[in-house]
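These notes concern the structure reproduced below.
The values are calculated or read from the model by the stated rules, or taken from the named source; none is laboratory data. Just so it is clear, the structure is predicted and the values come from calculations on it, not from any experiment. Ideal geometry is used to build each Cβ from the backbone, glycine not excepted, and the neighbour counts take in all protein chains shown.
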Amino acid sequence: MRATRKSKAAQPRGSAFAAALRALALRRLTEAQLWARLEAKGFDEGATREAVERCKAHGYVDDRLFAQLFVDGRPKAVGNARLIAELVKRGIERESAAASVARAAHDEDARLVAAVDKLFRTRPSIGYPNAARALERLGFPASSIYRHLRSRATLEFAET
């Protein structure tokens with residue numbers, strides 16, 4: 001049986017700024033994500049604050065840019081509510097997240113049209129109630145979903 005050694009949290013190697021640069025070299029992070037990564041590595045609050053501030057001063061961490069790239073780069077068509085929630089989860093303030101979503105390259109209505117088209121293309125036999133639930137899970141508002149589904153049903157009815 002192995003003896004386990006209880007010790008204080010291991011002291012991090014190197015500077016917090018160097019660790020921040022290594023983390024940012026792997027992927028773009030929000031300020032909150034970078035802060036959490038440095039704390040998880042064992043850096044104290046002062047070193048973490050200094051490293052994050054230096055990264056912000058050099059432009060390596062920019063929450064507004066992160067939010068805009070996140071919103072515009074989403075391959076999956078989702079609603080504004082879901083986009084805002086995902087940004088808040090990543091540490092972006094709700095107001096900033098909402099502003100980034102409002103400036104998105106594609107508005108919510110265009111993303112909803114794309115989601116409806118994809119849903120019926122991939123699952124042609126899906127019923128309208130199930131389609132509505134699937135679209136609600138993607139974060140689209142119910143009023144927009146039902147408006148689009150009604151117009152789609154009207155078009156299908158007119159074709160028959």
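Of the residues that make up the stretch 121-134, is at least one surrounded by 13 or more Cβ atoms within 10 Å (Cβ to Cβ) and either under 20 Å from the mean Cα position of the chain (by Cα) or under 30 Å from Trp35 (Cβ atoms) (or both)? Checked against the condition, which is being surrounded by 13 or more Cβ atoms within 10 Å (Cβ to Cβ) and either under 20 Å from the mean Cα position of the chain (by Cα) or under 30 Å from Trp35 (Cβ atoms) (or both), the stretch 121-134 yields at least one hit. Where helices (runs of 4 or more DSSP H) fall wholly inside the stretch 71-160, the ranges with 1 or more residues that are under 22 Å from Thr30 (Cα atoms) are 80-89, 94-102.
Condition test on Glu45, is it at pLDDT 95 or above and surrounded by fewer than 16 Cβ atoms within 10 Å (Cβ to Cβ)? Criteria not met by Glu45. Of the residues screened, Ala51 is one that is assigned to a helix (DSSP H, G or I), among the hydrophobic types (A, V, I, L, M, F, W, C) and in contact with a Ser or Thr (Cβ under 8 Å, 6 or more places away or on another chain). Pairing residues of the stretch 147-160 that are closer than 11 Å to Ala132 by Cβ with residues that are surrounded by 10 or more Cβ atoms within 10 Å (Cβ to Cβ) and acidic (Asp, Glu), at Cβ distances under 9 Å and at least 6 apart in sequence or on separate chains, gives His148/Asp109.
All told, Arg74 meets the bar of being of a type in the set (Lys, Arg), out of contact with any Leu (no Cβ under 6 Å at 6 or more places or on another chain) and under 30 Å from Val52 (Cα atoms). Summed over the stretch 19-74, residues that are of a type in the set (Asp, Glu), free of Cβ contacts under 8 Å to residues at least 40 places away in the same chain and within 30 Å of Ala104 (Cα to Cα) total 4. Evaluate the stretch 65-74: report whether one residue or more is among the polar types (S, T, N, Q), at pLDDT below 95, surrounded by 13 or more Cβ atoms within 10 Å (Cβ to Cβ) and closer than 30 Å to Ala19 by Cα. Within the stretch 65-74 (the criterion being among the polar types (S, T, N, Q), at pLDDT below 95, surrounded by 13 or more Cβ atoms within 10 Å (Cβ to Cβ) and closer than 30 Å to Ala19 by Cα), the answer is yes, since at least one residue qualifies.
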